[in-house]
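For reference, the structure is listed below as structure tokens.
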Amino acid sequence: MKISKAEMNDFRIRRKKILKHLGSSSLLILIASSEKERNNGINYPYRQNSNFHYLTGFNEPLSAVVFFKSEVHFFCRKKNKEYEQWNGKLIGPSMAKTIFEFNYAYDISKLEEKVKIFIRSANKVYLDYSDNDNFKYINNFIVRNLTGGKNRSLECIYDANLLISQYRQIKSSNEIKIIKKSCEIASLAHIAAMKKCKPGINEFDLENEICYTFGIIMLDIILIHQL
């Protein structure tokens, strides 16, 4: 997996802003979106939690990120040959640390152990209540540890989504470039659909035209990047 220099620079800047806001005694925890089953064990195409992707760039489920004391601690599944044979490659903690430039990376099984340690010395904790997977984790583990009398210095629990959203409103030059390209592709696809539109045509035929145009343009972009 490759990340462009411009993308990686965006991730560095975003993380620095969050860490600066948190200071030395605040903790922020984000959990990746889970896979959603469509039917009979077949999942929908995976869609990462927006806030999680904004700060990590990582696109696998069963992963988490913790911001604490000027450092980024990342958690994901370790490499598994049998799993990867059927489901595709896993990046693994070691490669994730290198590619995405996290301070630390661990197997996802270590998450609760590490969070218990961090919580003990945190005055403020930021949790994402806007996402269902994050909310489940908050209910099942985080709040139980926060309210169990183990942290006498805790002042308040904050909404991480509100914090991250204020930074997401301001776009970098690279983000603006991507948005413009996305608009251009969407325009070409809708123009193609309008050209095909005529009385009696089905809606799914127009959808197919849009998806076909998306596919052709994206294939050209992928091939150009591989040259």
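Descriptive notes on the structure:
- Residue count for the stretch 67-94, restricted to those that are among the aliphatic types (A, V, I, L, M) and farther than 24 Å from K17 by Cα: 2
- For the stretch 20-51, filtering for residues that are within 17 Å of K114 (Cβ to Cβ) and out of contact with any helix residue (DSSP H, G or I) (no Cβ under 7 Å at 6 or more places or on another chain) leaves 3.
- Residue match in the stretch 171-181 (condition: touching a strand residue (DSSP E or B) at 6+ places or on another chain (Cβ under 8 Å) and touching a residue at least 40 places away in the same chain (Cβ under 8 Å)): no
- Residues that are at pLDDT 90 or above, polar (S, T, N, Q) and not in a helix (DSSP H, G or I) occur at least once in the stretch 172-188.
- The set of residues in the stretch 103-118 that are within 16 Å of L62 (Cβ to Cβ) and in contact with a strand residue (DSSP E or B) (Cβ under 6 Å, 6 or more places away or on another chain) comprises A105, Y106, I108, L111.
- Matching residues, the stretch 154-164, being in a helix (DSSP H, G or I) and either touching a residue at least 12 places away in the same chain (Cβ under 8 Å) or loosely packed, with under 12 Cβ neighbours inside 10 Å (or both): A160, N161, L163, I164
- Elements of type helices (runs of 4 or more DSSP H) contained in the stretch 55-151, each with 1 or more residues being at pLDDT 90 or above and buried (at least 18 other Cβ atoms within 10 Å of the Cβ): 92-100, 111-119
- The residues of the stretch 19-42 that are touching a strand residue (DSSP E or B) at 6+ places or on another chain (Cβ under 8 Å), surrounded by 11 or more Cβ atoms within 10 Å (Cβ to Cβ) and over 18 Å from C76 (Cβ atoms), listed by number, are L19, L22, S25, S26, L27, K36.
The values are calculated or read from the model by the stated rules, or taken from the named source; none is laboratory data. Not measured: the values here are computed from a predicted model. Glycine also receives a Cβ, built like all others from the backbone with ideal geometry; neighbour counts cover every protein chain displayed.
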